[in-house]
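So the structure is just underneath, and the comments pick up after that.
The values are calculated or read from the model by the stated rules, or taken from the named source; none is laboratory data. Not measured: the values here are computed from a predicted model. Neighbour counts run over all protein chains shown; Cβ positions are idealised from the backbone, glycine included.
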Amino acid sequence: MDYLKVRCFHCKGEFELYNRNMNYDDKPPRCPHCLKKMDKTQWERLINAYYTFAEVNKNFRKYHEDRGEPLFQVELRSYFVKPEKIMIED
Ligand SMILES: [Zn+2]
């Protein structure tokens, strides 16, 4: 089961988006905690990225089953740090 974990930087809340939530016809999601709405263009790009990513993992499983290829499952994680918080030491 693939799903996305979304962090809202307005309220610092988190919520999940599942397959059933990923439809182009649906309105962009709102944060369930503070009701901020996602931008429509970014929402559509997120759906594209989600399906591309899910397809790669599905193919890893399929080709492992069918052809004995090595099995991998990949998870994308993001941790946002403001640029001014990154300490570069030389
Ligand atoms: Zn929020």
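Computed values, structure above
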{"quantity": "The lone exception for Trp43 - which of (1) over 12 Å from the mean Cα position of the chain (by Cα); (2) in a helix (DSSP H, G or I) it fails", "calculated": "(1)"}
{"quantity": "Flag if Phe53 is assigned to a helix (DSSP H, G or I), at pLDDT 95 or above, surrounded by 13 or more Cβ atoms within 10 Å (Cβ to Cβ) and away from the ligand (no atom under 16 Å from the Cβ)", "calculated": "no"}
{"quantity": "Any chance His10 is touching a Gly at 6+ places or on another chain (Cβ under 6 Å) and assigned to a loop (DSSP other than H, G, I, E, B)", "calculated": "no"}
{"quantity": "Selection within segment 1-17 - surrounded by 13 or more Cβ atoms within 10 Å (Cβ to Cβ), charged (D, E, K, R) and within 14 Å of the ligand (Cβ to nearest atom)", "calculated": "Arg7"}
{"quantity": "Selection from segment 22-45 of residues that are within 16 Å of the ligand (Cβ to nearest atom) and surrounded by 12 or more Cβ atoms within 10 Å (Cβ to Cβ)", "calculated": "Pro28, Pro29, Arg30, Cys31, Pro32, His33, Lys36, Met38, Trp43"}
{"quantity": "Matching residues, segment 43-77, being of a type outside the set (Phe, Trp, Tyr) and in contact (Cβ under 8 Å) with a residue 24 or more places away in the chain", "calculated": "Leu46, Ile47, Ala54, Asn57"}
